[in-house]
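**Q** Just passing along the structure, written as structure tokens.
The values are calculated or read from the model by the stated rules, or taken from the named source; none is laboratory data. Because the structure is a prediction, the values reported are computed rather than measured. Every residue, glycine among them, receives a Cβ derived from its backbone with ideal geometry; neighbour counts consider all protein chains shown. Areas reflect the complete protein model, heavy atoms only, side chains present, ligands, DNA and RNA absent. Shrake-Rupley method; radii C 1.70, N 1.55, O 1.52, S 1.80 Å.
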Amino acid sequence: MNYWKLKGVRVSAKGKERLKNLIPDNVKSIAVIRHAALGDMVLTRCFLIEAKKLFPNSKITLSVVSNYTRGIPSDLIDRLHTIELNDKNKSNLFHNLKSIKELGEHDLIFDLASTSRSLWLCKFNRAKLKIGFPYHASYKYLFYDIAVPRSDVNFEADDMLSLLKPFGIKVSYPLKFNMPGEPISRVKPFVLYFTSASTPDKCWSLQNFSGLIKLMSENFPHYDHLILKGINDWESIEGILKDLDSAENVFPLDSVSSVEDIASYVKFAKLVVSNDTSVRNIAIACGIPTVGIFFLTPPYRYLPQNPIHKAVFNGDCSSPSVQDVFETSMYMIKNIQ
């Protein structure tokens, strides 16, 4: 096939030769390496959808690590390759070589992780073409036939899809994730809040959330305001509930933990307000408006170019004020249907 010659994209001599002889309909097997937590795993769905459109006759193997298995898109893959990790085998050479062999041989391998483990999976796999987006310049010569730039100033899903652009992909916007599950049925509309994140230092303070939800419940009394509790002990919402004890339209969701149940609530929400976390990424994948609160992690990586999603952040990386988050949330409810 003829291929697009894109500035900034490196294609090795072997890659150029094999691209010329590549017929997308003849690609039978693809491996996708994605060693990532729930939020990033959810965003991988659009890559798998577009890869299947581009290579319609291929079987897709997804490679994951055992400590990151929530949200695996089983409905979009044909085979799952899991690298079992524990304290005994993380650095065990025999175990790592065994995992590499178990991945199997493929026509194409896409590395969406760019970690030391994924790099060696690529290095020792006999795929005809190896495609990745390395952070380090030297890696594009050592590990990949096609290397595409990656940056934290781009939406993560767009960066993943960039790996398909040398093949001439036509991406449809807004991005399609085909998130499974049906919305729950409730009489009253609601705003969903998630106060936690992967680590405590990424969490907006509970005092701020209490102030925000108080303002929202008072200004939008015809909405319920549901607070989703995280799965760890430190992710308690008891303090917020105590502060808002007099509010008649504020309720906890303290027994909703599976990805499927979270998605069901997200799909019925008018708006999802959260830190930089997987729950917001689930809402992005479900096409539900979001307000993301950022101060520790760069906002651009998880900000789709779609008006139904807003990120509240300060230029100096300080924590946004309650008033700023409230005004953005109020705007979204009033203007985004």
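**Q** Quick check: convex hull over the Cα atoms of the range 1-155, volume per residue in Å³, rounded to an integer?
**A** Once divided by residue count, the hull of the range 1-155 is 118 Å³.
**Q** Can you compute the FRET efficiency between residue 54 and residue 218 using 1/(1 + (r/R0)^6), with r the Cβ-Cβ distance and R0 = 45 Å? Round to the nearest 0.05.
**A** 0.35
**Q** Mind giving me the FRET efficiency for residue 336 and residue 1? R0 is 51 Å, r the Cβ-Cβ distance, nearest 0.05 is fine.
**A** In this case the efficiency is close to 0.80.
**Q** OK, next. Calculate the length of the line joining the C-alpha centroid of the range 181-247 to that of the range 262-278, in whole Å.
**A** That distance is 11 Å.
**Q** Next question, about the same structure. Mind telling me which of 98, 214, 128 comes out most flexible in a GNM of the chain, alpha-carbon contacts under 10 Å?
**A** Looking only at 98, 214, 128, the largest GNM fluctuation is found for 98.
**Q** On to the next question. Compute the length gained on full extension between residue 201 and residue 233: take 0.36 nm times their separation in residues and subtract their Cα-Cα distance, giving the result in nm to one decimal.
**A** Full extension from residue 201 to residue 233 adds 10.0 nm.
**Q** Here's something else I'd like to know. Rounded to whole Å and sorted largest first, list the principal axis extents of the Cα atoms in the range 264-337.
**A** Principal extents (largest minus smallest coordinate, Cα): 34, 23, 20 Å.
**Q** Hey, any idea what the orientation-averaged projected area of the convex hull of the range 144-203's Cα atoms comes to, in nm²?
**A** Averaged projected hull area, Cα only: 7.7 nm².
**Q** Of the listed peptides 194-206, 259-271, what is their order by residue-averaged count of other C-beta atoms within 10 Å, with the highest listed first?
**A** Descending mean neighbour count gives 259-271, 194-206.
**Q** So how tilted is helix 322-335 from the main axis of the chain? Cα-based, degrees 0 to 90, rounded to 10.
**A** Helix 322-335 sits roughly 80 degrees off the main axis of the chain.
**Q** Something else about it: Looking at the chain, send over the antiparallel percent of its DSSP beta bridges, to the nearest 5.
**A** Beta bridges within the chain, antiparallel portion: roughly 5 percent.
**Q** Dipole size in debye (nearest 20) for the chain around its Cα centre, Lys and Arg Cβ +1, Asp and Glu Cβ -1?
**A** 2020 debye
**Q** Residues of the range 40-86: accessible area per residue at 1.4 Å, in Å²?
**A** 38 Å²
**Q** Which of 274, 138, 257 ends up with the largest GNM mean-square fluctuation for the chain, with Cα atoms connected below 10 Å?
**A** Between 274, 138, 257, it is 138 that shows the largest mean-square fluctuation.
**Q** Just subtract the alpha-carbon distance of residue 260 and residue 300 from 0.36 nm times their residue separation and send over the number in nm, one decimal.
**A** Answer, rounded to one decimal: 11.7 nm.
**Q** Now a separate question. For a quick protection proxy, order the peptides 27-35, 99-107 by their average other-Cβ count within 10 Å, most packed first.
**A** Per-residue Cβ counts within 10 Å, averaged per peptide and sorted highest first, yield 27-35, 99-107.
**Q** Report the normalised scattering of the chain as log10 I(q)/I(0) at q = 0.08, 0.13 Å⁻¹, calculated by the Debye formula with identical scatterers on the alpha carbons.
**A** These q points yield log10 I(q)/I(0) values of -0.42, -0.99.
**Q** Still on this structure: Got a sec? What order do 18, 126 fall in by accessible area at 1.4 Å, biggest, i.e. largest, first?
**A** Per-residue accessible area, sorted high to low, gives 126, 18.
**Q** A further question on this structure: What FRET efficiency do you get for residue 14 and residue 86 if R0 is 30 Å and r is their Cβ-Cβ distance, rounded to the nearest 0.05?
**A** The computed FRET efficiency comes out at 0.25.
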